[in-house]
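Each remark here refers to the structure printed beneath this line.
FYI, it's all coordinate maths here, none of it is from the lab. Computed from a predicted structure; not experimentally measured. Don't worry about glycine lacking a Cβ; one is built from the backbone with ideal geometry, like all the others, and counts go over all protein chains shown.
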Amino acid sequence: MACRILILCLFITRQDLQGLCEMEAKAFENVKNQIGCCGLWCGSCIVGNGTLKELTKRYEHLIGGYGVNEWGARNFDGKEFMRGLASIQALPMCQGCLKGGGNDECKIRPCARSRRISDCMECNELKTCKNLEALQKVRTGAFHVGMLMKTDNDKDDPQQLISKWIAELKNKWPSLILFLDDTQENA
């Protein structure tokens, strides 16, 4: 992990890094206090917290600056790759499902709201829920990409959980770039 961070930091000036952190901070602040109805913490989502958008912008800058799209590997379609990066940057920032973002087809959110619970971990009928398969699919996918989520063992206050998760996120690639200013100041 340190190697990846070093490589990224070699190509980003302090001024770029400051701008990067400011832009990501806005997105992160928007989702950091949201735990979705499925129990996923929106602050750990690279789409919602701004990490994906900013990384693609930086990669586009680096690849364009070095001209990799012109002299790269023979099998590499640099123009198509650059279009892909631009497409990712054009994605709207996810607001989190509690603020109207997330999957429009979500079966979990209306179920939790109809039961007047904040998330599925509070449900007494979780093991027999008609949406259990959808919940497991969402949570399994989220787990595999490193998102943080509530479990049935998490009985802490949501804000305590979020504080714990923020501490974890500060050490996880790629979202740790949200906190680079903090780590540089404390180094």
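Rounded to whole numbers, the Karplus 3J(HN,Hα) couplings from phi for segment 62-75 are 5, 5, x, x, 8, x, 4, 5, 9, 10, x, 3, 4, 7 Hz, using 6.51 cos²θ - 1.76 cosθ + 1.60 with θ = phi - 60°, and x at Gly and Pro.
Charged side chains reduced to their Cβ positions (Lys and Arg at +1, Asp and Glu at -1) give segment 110-156 a dipole of some 200 debye around its Cα centre. With respect to the cross-link table entries LYS107/LYS170; LYS99/LYS172; LYS130/LYS164, which display a Cα-Cα separation exceeding 28 Å? The pairs that break the limit, which is 28 Å between Cα atoms, are LYS107/LYS170; LYS130/LYS164. At full extension, GLU70 and THR128 could sit 15.3 nm farther apart than now, given 0.36 nm per residue minus the alpha carbon distance.
Computed about its Cα centre, the charge dipole of segment 35-187 is approximately 460 debye, with only Lys, Arg, Asp and Glu carrying charge at their Cβ.
Farthest towards the positive end of the charge dipole of segment 69-122, among the residues MET93, SER118, ASN75, is the Cα of SER118, using unit charges on the Cβ of Lys, Arg, Asp and Glu. Magnitude of the charge dipole for segment 45-112, about its Cα centre and with charges confined to Cβ atoms of Lys, Arg (+1) and Asp, Glu (-1), is about 180 debye.
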